[in-house]
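The values are calculated or read from the model by the stated rules, or taken from the named source; none is laboratory data. None of these values were measured; they are calculated from a predicted model. As a convention, Cβ positions derive from the backbone with ideal geometry for all residues, glycine included, and neighbour counts pool all protein chains shown.
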């Protein structure tokens, strides 16, 4: 009953349009700020998410850029590798071990005859994007498993085979193809039997298991030229990290430019997110100001009523509680509505990105909710402060 | 609850009051629980100032006012609100109703400001007694002064109190209505064992006063 009477006394004097204006301003500002938080969260999600992490972009094969001045001297020293490992953007680094023996491959059956000189490289298994039970080598192994780049097959199928009038090969066919591997030693060729067990999008090299490489290098390798790696594969959270690009440039290193090109987009995205942040923050400031002014106006426009209410024995605290009840619930509603809007947008975003095989969380992030709660707390404080200040002023 | 005045003197009227004698200004005086006190004074001698001072509507005075030994100037907002809700009720000379609320809402407001002392049906009884039933649903701003004064009296009687402060409460009423209102006030004060302080211009016999004072 008291609240009804107070409502009649205090509400009647303020314009509805002003209230709506204040509410709309606050909503837009909140939407911008929380959207910025959500975008940032999505972005971090994309960079760190397990599903996305295993994608091509996060593994980079790095080597020295071959220029006319360093031809033949592109090996990486241990110091170079250690320094690279120390960089903040490097999660893990593995050396690509080159083979130090001459090797060739040829068709083991007469049905598909071919011959090629070849080379091997190996890399620790954790850097591979191929999972295959055959990918192992031991003393008892009957064949050498190999991983070849997908690109190889594409080049053959769409470039070589068509122009030479040769049959195109499917992945399955290649994997079933028996291959004879010849390792050239001082005493003549040693024959092995090899088999392609997978195709890599990540490392453009003919890979063999590290164990075989170590063993073979030891046995057939040219001891004088002890394994000096010239390529390193690193795992990074963010291939688009501008820091990484800058490091590579300043050390004369190079990698698949397609992957680091993302760093430019990254900078743009970061810029957009920042602009959204700043705009949101500035708008929030103005919206708070408008809302504060609205409260102030409401109180000022019924200052006589408030004075009389206090005269009759209304405690300022009672009034404050009443006014809080008038203003704060609208803020809570705004925050909830904005959270719902962002949730819906996020769901839509997920649907759209799913078709592009970019996986983001369908739910809004915890950070967005935390930000909403913090903003709500700020709103409460500002409301409370304003009401307090102006009630005591009117008294 | 005792109201004690210790040499109070309103600062704006200081020179004027110091020159002449008064039963209230610049004296030490106690108003004891349940006393019915009539303060008589001609215009411009500070009746309203006194009532407002006792009710802490103004603090521009020297000396000390205390309710039950609690100095009024040191009483905080919440304590003051509690005092006005539970112990002190008031009928203002200028009535001070909310013009935009109906007569009933004006009364109701003071009823529900604290734990209600009366059921709301008591409003109708009192209004009937004072002959203002027909204007209860009317906006207070549209009521005549006589009607507003009776509404203000009912409003004051709707809450619990130990002291009722009345500043020329019958100024707009004819003698017949004054008698009816006075008997209602007497009845309510007796029921609560409450005292009152009534200021007026002239002698009167509306109540059985326990003390007469000249301002």
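Here are the numbers for this structure:
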| read-out | value |
| --- | --- |
| Yes/no for residue A:174 being part of a helix (DSSP H, G or I), more than 17 Å from residue A:98 (Cα to Cα) and in contact with a helix residue (DSSP H, G or I) (Cβ under 7 Å, 6 or more places away or on another chain) | yes |
| Strands (runs of 3 or more DSSP E) enclosed by region A:70-135 - at least 3 residues per element that are in contact with a strand residue (DSSP E or B) (Cβ under 9 Å, 6 or more places away or on another chain) and farther than 30 Å from residue A:161 by Cβ | A:90-98 |
| Within region B:92-115, considering residues that are more than 7 Å from chain A (Cβ to nearest Cβ) and more than 19 Å from the chain's Cα centre (by Cα), the one nearest to residue A:306 (Cα to Cα) | B:99 |
| Residue in region B:183-196 that is touching a helix residue (DSSP H, G or I) at 6+ places or on another chain (Cβ under 9 Å), touching a residue at least 40 places away in the same chain (Cβ under 8 Å) and surrounded by fewer than 19 Cβ atoms within 10 Å (Cβ to Cβ) present | yes |
| Enumeration of residues in region B:58-91 that are outside any strand (DSSP E or B), within 12 Å of chain A (Cβ to nearest Cβ) and crowded, with 17+ Cβ neighbours inside 10 Å | B:80, B:81, B:83, B:84, B:85, B:86, B:87 |
| Residue check, residue A:253 assigned by TED's automatic domain parsing to the domain that holds residue A:10, in contact with a strand residue (DSSP E or B) (Cβ under 9 Å, 6 or more places away or on another chain) and buried (at least 17 other Cβ atoms within 10 Å of the Cβ) | no |
| Within region B:20-47, tally of residues that are farther than 17 Å from residue B:63 by Cα and exposed (fewer than 15 other Cβ atoms within 10 Å of the Cβ) | 6 |
| Some residue of region A:177-186 being touching a strand residue (DSSP E or B) at 6+ places or on another chain (Cβ under 7 Å), exposed (fewer than 13 other Cβ atoms within 10 Å of the Cβ), within 30 Å of residue A:219 (Cα to Cα) and without any contact (Cβ under 8 Å) to a residue 40 or more places away in the chain | no |
| Residue satisfying all of: in region B:48-57; closer than 12 Å to residue A:313 by Cα and without any contact (Cβ under 8 Å) to a residue 60 or more places away in the chain; surrounded by the most Cβ atoms within 10 Å (Cβ to Cβ) among these | B:56 |
| Region A:10-24 - residue that is at pLDDT below 85 and either in contact with a strand residue (DSSP E or B) (Cβ under 6 Å, 6 or more places away or on another chain) or surrounded by 14 or more Cβ atoms within 10 Å (Cβ to Cβ) (or both) and, of those, nearest to the other protein chains (Cβ to nearest Cβ) | A:13 |
| Selection count, region A:308-320, where residues are under 15 Å from residue A:1 (Cβ atoms), in a helix (DSSP H, G or I) and within 58 Å of the chain's Cα centre (by Cα) | 1 |
| Subset tally (residues that are part of a helix (DSSP H, G or I) and surrounded by fewer than 20 Cβ atoms within 10 Å (Cβ to Cβ)) for region B:105-129 | 7 |
| Extreme residue, surrounded by the most Cβ atoms within 10 Å (Cβ to Cβ), among residues of region A:319-345 that are touching a residue at least 24 places away in the same chain (Cβ under 8 Å) and within 14 Å of chain B (Cβ to nearest Cβ) | A:319 |
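Each row is one residue, and each column tells you yes or no for (1) surrounded by fewer than 12 Cβ atoms within 10 Å (Cβ to Cβ); (2) free of Cβ contacts under 8 Å to residues at least 24 places away in the same chain.
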position: A:87; (1), (2): no, no
position: A:103; (1), (2): no, no
position: A:123; (1), (2): no, no
position: A:137; (1), (2): no, no
position: A:144; (1), (2): no, no
position: A:156; (1), (2): no, yes
position: A:165; (1), (2): yes, yes
